[in-house]
Amino acid sequence: MADIAFWIVQGPGWLLALYLAIAQMPSAFRYEIGVRMGTQEPAERITPVGVALFWGFALADLVVYVPLLVAGLIGHATAAGWAGLVLGAALGITLYWPIQCLATVYKARGAPGWQLPKERDYWIVLPIIAGWAALALGLLLLIG
């Protein structure tokens, strides 16, 4: 069971970290990069406030979340004594942000200037990420 749990945490964790590094973090430097890549929504669709919200996520991912996730995954893979604390913190963020994002998408629906063209994608991908985070956090607490 411990081997399976290890890969349930590590595999998706590294895929998520890689995705965030490629698709999310560049937007912290220049939001338009993400718009061109198709990983961020243009201001015409979500208003300048929506852009500010999504840029804030990209910046927080750059300076806090992704480094914490990567450090936690490395610590977990090497069985470092501090790994549980660091990875647990990262998994808490991983569970938190999809829920916050979905709540925003739901509450902003129909607001003037808000026309999220790929809303269905949010409702497919973000629950999967949140579900993995909850599972990985549970495994971390149960198995270590």
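No value in this document is a laboratory result; all are computed from the given coordinates. For clarity, every value in this text was computed on a predicted model and none was experimentally measured. Using ideal geometry, Cβ is built from the backbone for each residue, glycine included, and neighbour counts are taken over all protein chains shown.
From most to least packed by mean Cβ count within 10 Å, the peptides 70-82, 25-37 give 25-37, 70-82.
Given +1 at the Cβ of Lys and Arg, -1 at the Cβ of Asp and Glu and no other charges, the dipole of the stretch 7-137 around its Cα centre is 140 debye to the nearest 20.
The slack between VAL49 and TRP7, meaning 0.36 nm per residue of separation minus the straight C-alpha distance, is 11.3 nm. In Å, what Kirkwood hydrodynamic radius results for the chain from the alpha-carbon pair distances? It is 15.9 Å. Estimated at 0.36 nm per residue, the fully extended path between LEU85 and ALA134 surpasses their Cα-Cα distance by 16.1 nm. Here the Gaussian network model covers the chain, with springs between Cα atoms less than 10 Å apart; of VAL66, VAL49, VAL105, VAL49 fluctuates the most. Identify, among LEU69, ALA108, MET37, the residue whose Cα sits farthest towards the positive end of the charge dipole of the chain, taking +1 on the Cβ of Lys and Arg and -1 on the Cβ of Asp and Glu, with the dipole about the Cα centre. The residue sitting farthest along the positive end of the dipole is ALA108. Between the stretch 109-144 and the stretch 34-105, the C-alpha centres lie 11 angstrom from each other.
Per-residue extension of 0.36 nm, minus the Cα-Cα distance of VAL64 and LEU142, leaves a gain of 25.5 nm for this segment. Here is how the number arises for the chain: DSSP H runs of 4 or more residues each give -39500 (n - 2.57), the sum is divided by the residue count, and the result at 222 nm is -25000 deg cm²/dmol.
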